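Everything on this sheet refers to the single structure shown next.
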Amino acid sequence: MCLNLNQKALILPAVNEQEWQTRTWVIIPSYNEARVVRSVVVELLHAGYQVIVVDDGSTDDTGRVLKDLSLVYVAHALNLGQGAALETGMEMARRLEADYVIHFDADGQHPLEQIPDLMEPLLRDEADICLGSRFLSQESRGAVPWRRRWTLQVGRWVNYLFTGYRMSDAHNGFRAMNRKALHRIRLRQRGRSHATEILSEIKRHQLRWREVAVQIVYTPYSQSKGTSWQDGLEIVSDLMLRRMKK
Amino acid sequence: MEYFQFKLIQWILLPFLLLLMGIFFQKLRRQPRMRILVMGIMLAGVFFLLFPDSSTLIAQELGIGRGVDLIIYLSLLGLTVSCVLLYLRTLHLQEQLTAVVQRQAVQEARDQRSVEKNT
């Protein structure tokens, strides 16, 4: 069951809702998402979050549609990939002295009202990083299209092979981390393999992690942008080549 | 002495190989390990060009049969290793480019927080 923001604030006694939200920066990597990114940002601003949009070399109107919104807009001169965009956003958050950071997709598939669920273990100081999982609750598991489910199962094993962590979800872009994790995790993988790299970084820095049940809203638009099996192969080859390079 | 009665193909390929050796010897002066590897491969090429029958002798020792097959296998192996090394080099350049683009993006970030919230 999902609680709304006010209900959640009651559960977190030591933490004032407004206080943690204003110290939380939501990083949105965006590549040619002008159609949807504005509405996602407006909702986040309305809920009181600070927003960093990393425009990853978009060729559409992303910069223009965000021009009148109260946010920090960072633009890559070239399209580098989601991992690189997240690292740029995290570097910006480090400079802005963020206490908490949330990774949030630009296509609107992450429900805003689940941010407090994701933040709860951080605010209670029980974890340094929380990773959203679609497979911890029956309701969210059922919403995952079957083809995506199989791809993600393979992704889980890839993560296990490369990091030794057996997570319930493989490539969920909905994450939250505290200041400690923000300053320790450095993403070098430019593309989608950053999700596995984050696990490696968690292991390397011995960060406390927690998986939190989240729901992903699948729309035809978000599905067209999701991880396909070809992306999966690319992720594995990226990870292998990176290992060889080391 | 019959080995050194050069055939036409040897006249064509030997100067070409020696020229390549000279170029790579010069180009790879800052990468000593790579220079040794490339020089080794090219010297092997010169050796097989001068003594073509030796490849058959080595091939038979290895249970391959024909010398030309040995050369093909070694060439394929060399080509694959070259591709991987080139790809890794590309990755390295990509990393440098990424760092430059990221640094520039952060330096030129647009802080719009003074904009009145249009929510």
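Here are the numbers for the structure shown:
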read-out	value
For residues of B:29-40, the mean tally of beta carbons on other chains within 10 Å	0
In sequence order, calculated HN-Hα J values of segment B:56-72 (Karplus, 6.51, -1.76, 1.60; Hz; x Gly/Pro)	5, 4, 5, 4, 5, 4, 8, x, 8, x, 8, x, 5, 5, 4, 5, 4
Within-13-Å neighbourhood charge of B:Met39 [Cβ basis; K, R +1; D, E -1]	+4
Protection proxy ranking of B:53-61, A:30-38, A:63-71 - average other beta-carbon atoms within 10 Å, highest first	A:30-38, A:63-71, B:53-61
Number of partner chain Cβ atoms within 10 Å, mean per residue of A:65-71	5
Segment A:67-163 - Rg over Rh from alpha carbon coordinates, Kirkwood radius	0.99
Interchain or long-range residues, amide H under 5 Å from A:Leu80's placed H	none
Relative contact order (percent, whole number), segment B:1-68, Cα cutoff 8 Å, 6+ residue spacing	26
Size of charge dipole - chain B - debye, nearest 20, with Cβ of Lys, Arg +1 and Asp, Glu -1, no other charges	520
Other-chain or far-sequence residues with amide H under 5 Å of A:Ala213's (modelled H)	A:Ser133
Cα extents of chain B along the three principal axes, largest first (Å)	90, 32, 24
Length-normalised contact order of segment A:117-214 in % [C-alpha pairs under 8 Å, at least 6 apart]	43
Average beta-carbon neighbours from other chains, 10 Å sphere, peptide A:82-95	3
Among B:Phe24, B:Gln102, B:Ser55 the positive-end extreme of the charge dipole of chain B (Cβ point charges)	B:Gln102
Cα centroid of segment A:75-109 to Cα centroid of segment B:70-113, whole Å	21
Whole-Hz ³J(HN,Hα) from phi, Karplus 6.51 cos²θ - 1.76 cosθ + 1.60, for segment A:124-136, glycine and proline x	7, 6, 9, 8, 9, 9, 10, 10, x, 9, 8, 10, 9
Binned Cα-Cα distances of segment A:166-220, short to long, each 10 Å bin given as a whole percent	19, 54, 23, 3
Candidate aspartates and glutamates - alpha carbon under 20 Å from A:Lys67, same-chain residues fewer than 8 apart omitted	A:Glu33, A:Glu43, A:Asp55, A:Asp56, A:Asp105, A:Asp107, B:Glu108, B:Asp111, B:Glu116
Among B:Arg35, B:Arg66, B:Arg103, residue whose mean-square fluctuation peaks in a GNM of chain B (springs only between Cα atoms under 10 Å)	B:Arg103
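Only the coordinates and a few stated rules stand behind these numbers; no lab work does. Being a predicted model, the structure only gives us computed values, none of them experimental. Note that each Cβ is placed from the backbone with ideal geometry, even for glycine, and that neighbours are counted across all protein chains shown.
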